[in-house]
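Scroll down for the structure; my scribbles are underneath it.
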Amino acid sequence: TVGAVALDKAGNLAAGTSTGGTTNKQFGRVGDSPIIGAGTYANNETCAVSCTGDGEYFIRAAVAHTVSDLMQYKGMPVPEAAETALENARKLGGTGGLIALDKDGNFAMPFNTSGMYRGKVGADGKASVEIYR
Amino acid sequence: MKFGMVIHGGAGTIERSTMTPEKEQAYRTALEQSLKAGYAILERGGSSLDAVEAAIHVLEDNPLFNAGKGAVFTHEGTNELDSSIMDGKTLAAGAVAGVKHIRNPISVARMVMEKSPHVMLTGEGAEAFAKEMGVTLVDAKYFYTEERWQELQKEKKSTAPKSDQDRHG
């Protein structure tokens, strides 16, 4: 699964996710990636989110929308909201990670696996890429 | 002025011990290309939607990642792709699921958002919509990669008991 979240100069957030699903999947199985609120969510009032992981658990935990809700209704900063939402999925049995970017340019990239391919770039144009924990 | 982008290329069992230097460099290069594609749009004042779409195109076109060209195989030996996009300004959203002949599903997800009254289209209907929008469908062979095919064969041969987490079908 791949994903991206962005904040433009006009202050607008967007999120996108794309995937090939899981190896050996059957019966028309669909995971969280195309489910708005589960694998993808964006709201200018809060943040933009893209998830990757065990789709069934991310759907049940409505992970992407939960990040936004925690920011909007509990006033959590994006790193704490992202960690909390991911932990909700983990408690159900789901592993994976997510990226989240808020309306002020703050971001989080939590994951509960041994690694996640990830990267960021800010207004200064300096890109950084990480893979391992 | 604040602007920026964050991307991911999937999470999972990624260990240094099983990664060759060449493969690690290939991943890093691809992720940097994705960031550059998105940043170029943001830097010149383009929209976050355009940046997200451009960054994901790079990853969809790279066989290293499980999306687009590098999609994993289903039990039947096909490739089924899912994608979604959301606009934080309007809360508009679009998605496609179970498509088999669309090179860049993120772009069709965006078309669903911007050019249809719907949020999600699936399977043949999504592909019919894509054709109506002028998208050229690709042969299913486009998505074939030997590494992903061998992963499916290994998975099918595995006799290890499946946990609840493995029963995603």
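In a DSSP loop and with at most 15 other Cβ atoms within 10 Å, the GluC sites (Glu not before Pro) in the range A:1-89 are A:E45.
DSSP bridge analysis restricted to chain B gives an antiparallel fraction near 60%, rounded to the nearest 5. The distance from the alpha carbon centre of the range A:1-51 to that of the range B:83-106 is 8 Å, rounded to a whole number.
Determine which residues of the range A:87-101 fall in the zone a paramagnetic label at A:K74 would reach in this model, i.e. backbone nitrogen under 15 Å from the point 7 Å along Cα→Cβ. Once the point is set 7 Å along Cα→Cβ of A:K74, A:87-92 turn out to lie under 15 Å by backbone N, inside the range A:87-101. Normalising the Debye intensity of chain A to I(0), with uniform scatterers on Cα atoms only, and taking log10 at q = 0.14, 0.15, 0.21 Å⁻¹ returns -0.56, -0.64, -1.22. The alpha carbon convex hull volume per residue for the range A:13-68 rounds to 61 Å³.
Using the number of other C-beta atoms within 10 angstrom as an exposure proxy, rank B:M120, A:M116, A:M76 with the fewest first.
Final ranking by Cβ density, sparse to dense: A:M76, B:M120, A:M116.
Taking a ≥ b ≥ c as the square roots of the eigenvalues of the Cα gyration tensor, chain B is oblate, since a/c reaches 1.5 or more and a/b is not larger than b/c.
Here, the range B:73-169 is characterised by an Rg to Rh ratio of 1.08, where Rg is the alpha-carbon radius of gyration and Rh the Kirkwood radius. Mean separation of Cα pairs under 8 Å and 6 or more residues apart, divided by the residue count, gives chain A a relative contact order of 20 percent. For the protein assembly as shown, taking Cα atoms only, Rg and Dmax work out to 17.5, 56 Å respectively. Sort the range B:26-76 into rounded, prolate or oblate with this rule: let a ≥ b ≥ c be the square roots of the eigenvalues of the Cα gyration tensor; rounded if a/c is under 1.5, and if a/c is not under 1.5, prolate when a/b is larger than b/c, oblate otherwise. The shape class here is oblate.
Which residues in the range B:35-62 have a backbone N closer than 13 Å to a point placed 7 Å from the Cα of B:A140 along the Cα-to-Cβ line? Backbone N within reach: none found. Given the options A:A123, A:A82, A:A48, state which has the largest fluctuation in a GNM of chain A using a 10 Å cut-off (strictly under) for Cα springs. Result for chain A, Cα springs under 10 Å: A:A123 fluctuates most. Annotation for the range B:131-146 versus the range B:3-27: alpha-carbon center distance of 26 Å. Are there GluC sites (Glu not before Pro) in the range B:32-114 that DSSP puts in a loop and that have at most 12 other Cβ atoms within 10 Å, and which ones? Of the GluC sites (Glu not before Pro), the ones in loops of the range B:32-114 whose Cβ has at most 12 other Cβ atoms within 10 Å are B:E76.
The residues B:R44, B:R110, when put in order of fewest to most other Cβ atoms within 10 Å, stand as B:R44, B:R110.
Counting only lysines at least 8 places from A:K74 when in the same chain, those with an alpha carbon closer than 22 Å to its own are A:K91, A:K103, B:K89. In this calculation the C-beta distance from A:D124 to B:T78 is compared with R0 = 45 Å, giving a FRET efficiency of 0.55.
Exceedance of the 19 Å cut-off in Cα-Cα distance is limited, within the set B:K36/B:K141; B:K69/B:K156; A:K9/A:K120; B:K23/B:K69; B:K36/B:K115; B:K36/B:K100, to B:K36/B:K141; B:K69/B:K156; B:K36/B:K115; B:K36/B:K100.
No value in this document is a laboratory result; all are computed from the given coordinates. Just so it is clear, the structure is predicted and the values come from calculations on it, not from any experiment. We place every Cβ from the backbone using ideal geometry, glycine too, and count neighbours over all the protein chains shown.
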